[in-house]
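The values are calculated or read from the model by the stated rules, or taken from the named source; none is laboratory data. What you see is a predicted model, and the numbers here were worked out from it, not measured in a lab. Glycine also receives a Cβ, built like all others from the backbone with ideal geometry; neighbour counts cover every protein chain displayed. Please note that ligands, DNA and RNA were not included when accessible areas were found on the heavy atoms of the full protein model with its side chains. Shrake-Rupley method; radii C 1.70, N 1.55, O 1.52, S 1.80 Å.
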Amino acid sequence: PDFDVPEKARKALKHAVDEGRNYYTLTQGIPQLREKLVAKICQNIPMENRELFITSGTSGGLVLALCCVVNPGDEVIIFDPFFVMYPHLVRLAGGIPVMVDTYPDFEIPFEKLLASITPKKKAILFNNPGNPTGKLYSAETVKKLAEIAKTKNILLISDEVYSLFTYDDDLHSPATHNSNVLVLDGFSKSYGMTGWRMGFAHGPSRLIQEMIKLQQFTFVCAPSMVQWRSDEHTSELQSRLHLVC
C-alpha cells in the first residue's frame, strides 16, 4: 500500500500499548475481535461447523494451513501467475506444487484444472482478487471452482487478502458454495498495516482446530496490541479505505 495506517488506528495501537496490552493473547485471538469478524462474515457465508481465529498475517495463516493439510508427496494446485510465496510454502510443507497455466486472460481453464487432478491432490490454492494480476473472478467462475473442489473432495484454500480491492463487482467467495473452503484474509493491504501482522482464517472446524494447535507452538498468537480496536476505530478505517479507493 502507498498510504499510511489511518491516524485513529495508530492512536488505538498506542493506547493499547500504554494500557499494557503487550502480552500473549489467547492463541486464537481475543474474543472481542473474533466476534466482530464472525458477525460480519455471517452476513454472506454460513458459519455452521466453521470457526474463525486470528493469525499472524495472512501469510502466517497460509503456513499453518499447508503444514496441517499437506503430507509429504501430496500435490497442491496453484494457478499461474501466482503470489511468489505459494510454491515455496507448499514445498516447505513437503508437498509438490502443480501449476495450472491461466495465460493469456488469467481465467481459470477448467479443462486443464480437471486434467491436473490426481489421487495425490490435496488442495487448490485460489487467490481472488489475484496477485500479481489483479484479476477479479466472476460469481459463475467462483461457484464452478467451488463445486469442482467439493466433487473431487479437495480442500480449496481461498486467499482473499485483497477482498476490499473490488471496483466493478463484488467479491464472490467460494465459501458460499462449499463448506470445505478455508478462507484467508487480513488487514495488511486494505489498511496499510503490512508490518502489523494481523490476519484471520475461517473454515471447517476440524481444520481450524488443528491450525490453532500449530499456531500455539509456532507463532503463539498474532501481535497482541494490534487486536484491540474500538467500533469507532473500525468505522474510521472503513471510511479511509473508501477515500483511498
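Treating cross-link reach as a plain straight distance, find the lysines whose alpha-carbon is under 30 Å from the alpha-carbon of Lys150, omitting any fewer than eight places away in the same chain.
Those lysines meeting the cut-off are Lys36, Lys40, Lys112, Lys120, Lys121, Lys122, Lys135, Lys189, Lys213.
If one takes the longest principal axis of the Cα atoms in the chain, at what angle in degrees, from 0 to 90 and to the nearest 10, does the Cα axis of helix 139-151 lie?
It works out to around 70 degrees.
Under the Kirkwood approximation for Rh and a Cα-based Rg, what ratio Rg/Rh is obtained for the stretch 1-116?
Details: Rg = 19.0 Å, Rh = 17.8 Å.
A ratio of 1.07.
Please give the Cα centre distance for the stretch 78-98 versus the stretch 111-149, rounded to the nearest Å.
Measuring centre to centre over Cα atoms gives 14 Å.
Which residues among the stretch 155-198 fall inside the zone where the amide N is under 16 Å from a point 7 Å beyond the Cα of Arg21, along Cα→Cβ?
187, 196-198
Any number yet on Rg/Rh for the chain, C-alpha, Kirkwood?
Looking at the chain, the ratio lands at 0.96.
Tell me, what is the Rg over Rh of the stretch 102-160, with Rh the Kirkwood radius over Cα pairs?
Values: Rg = 11.3 Å, Rh = 12.0 Å.
My calculation puts Rg/Rh at 0.94.
Just for the chain, what percent of DSSP beta bridges are antiparallel, to the closest 5? List each step's numbers first, then the result.
Details: 10 of 29 bridges.
Restricted to the chain, the bridges split so that about 35 percent are antiparallel.
Which angle between 0 and 90 degrees, to the nearest 10, do you get for helix 231-244 versus the longest principal axis of the chain when only C-alpha atoms count?
Here the helix axis deviates by roughly 60 degrees.
In vacuo Debye scattering of the stretch 139-229, one point per C-alpha: log10 I(q)/I(0) at q = 0.23, 0.24 Å⁻¹?
-1.18, -1.22
Please give me the summed charge of the neighbours of His202: other residues whose Cβ is under 15 Å from its Cβ, Lys and Arg +1, Asp and Glu -1.
Net charge in that neighbourhood comes out at -2.
Over the stretch 103-172, with the other protein chains present, what is the accessible area per residue in square angstrom, probe 1.4 angstrom?
52
Any idea what angle helix 7-18 forms with the longest principal axis of the chain, computed on alpha-carbon atoms, 0 to 90 degrees, nearest 10?
Roughly 70 degrees between the two axes.
Calculate, in nm to one decimal, what Glu35 and Val84 gain on full extension: separation in residues at 0.36 nm each, minus their alpha carbon distance.
14.4 nm
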